[in-house]
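Participant: Just dropping this structure here.
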Amino acid sequence: MGSGHDHGNTAIRHERPLWWALGLTGGFLVAEVAGAFLTNSLALLSDAAHMGTDTLALMIALTAVRLSRKPADARRSYGYARMEAMGAMANGLMLFAVAAYILWEAFGRFSEPPQIATTGMLAIAALGLVVNLVAMRLLKAGSGESLNMKGAYLEVWSDMLGSVAVIAGALIIRFTGWTVVDPILAVLIGLWVLPRTWTLLREAGNVLMEGVPDGIDLTAVRALLLEAPSITDVHDLHVWSLGSSTVAMTAHLVVDPSVDADGLRGQLVRQLDERFGIGHCTLQIESGACGATPGH
């Protein structure tokens, strides 16, 4: 029994800003990688890896809102929400490899810093800052309504700080000639990307392993169910995520045979949704041993 959320209108309303933001960041990602090699700036390449995490976050958010409208079928009764976690896992592993390469190259440049084309580095970083500011503007409206949009907004916001760091580095190199600033910035940006990538991998792995979603305490869920005076036992309690914002739950409840089972289920479903955001509940009512009274 579910609570009947209406996600459709919100998903459709925020899809167009996501497409625009994805187009901006994805297009600039290609330009920034090319510019990093042309200017010989490792800091710029490191910031491009950071921009890659933004592009990934926007792709995940866009995938989520589109898949939320795709109906389940005979082969995939839960729908296609797990594709979001699978894509995040694959891209997260790739980003780890890119960040590791950048850190390796940076340490090699400390002993022999190369010449940096600061004019090109400054121009590309400044353009990246503009792209990030525009993307932030596009995503801000939905960041208060959708967790996907909020995550994408925070990704772009943090990358905006990376662009500011690269601009500062280009100015320092231009006026002081301290080219060692370039690998230092590359290390700092790389170390900024790695923890965020690890968090992405951990969250994707938790979804694929059907782990309890972050922010939900299984003990508190059990306590809420046992607060109902007619419930004497709770077992086979499972809470997991179908996607980044879709939480499901099943539980077997042992209750007094005289209780109105439908009324009890409706009350508990509303409470679980209000307190924990669990929108898809299957509650089996039993009057004794497991399976004594069928229902869900």
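Participant: Hey, if you put +1 on the Cβ of every Lys and Arg and -1 on every Asp and Glu Cβ in region 32-76, which of His50, Ala72, Ala61 ends up farthest toward the positive end of that dipole?
Facilitator: Ala72
Participant: Is there a quick way to get the dipole size of the chain? I mean about its Cα centre, with the Cβ of Lys and Arg at +1 and of Asp and Glu at -1; what is the value in debye to the nearest 20?
Facilitator: Charge dipole of the chain: 820 debye, to the nearest 20.
Participant: Okay, moving on. If we sort 178-190, 92-104, 34-46 on the protection proxy, mean other Cβ atoms within 10 Å, highest first, what's the order?
Facilitator: The densest-packed peptide leads the list: 34-46, 178-190, 92-104.
Participant: How large a share of the accessible area of the chain, in percent, is made up of carbon and sulfur atoms when the probe is 1.4 Å and the other protein chains stay in place?
Facilitator: In the chain, the share of accessible area belonging to carbon and sulfur is 63 percent.
Participant: Let me check I've understood the local charge: for Trp192, count other residues with C-beta under 15 angstrom from its C-beta, Lys and Arg +1, Asp and Glu -1. What total comes out?
Facilitator: Neighbourhood net charge equals -3.
Participant: How much of the calculated P(r) for the chain lies past 24 Å, in percent of all Cα pairs?
Facilitator: 59 percent
Participant: With every protein chain kept in place and ligands, DNA and RNA left out, what is the accessible area per residue of region 17-123? Probe 1.4 Å, answer in Å².
Facilitator: For region 17-123, the per-residue accessible area is 50 Å².
The values are calculated or read from the model by the stated rules, or taken from the named source; none is laboratory data. Nothing here was measured: the structure is a model prediction, and the numbers come from that model. Using ideal geometry, Cβ is built from the backbone for each residue, glycine included, and neighbour counts are taken over all protein chains shown. For the accessible areas, the whole protein counts, side chains as well, though only heavy atoms, and no ligand, DNA or RNA atoms are used. Shrake-Rupley method; radii C 1.70, N 1.55, O 1.52, S 1.80 Å.
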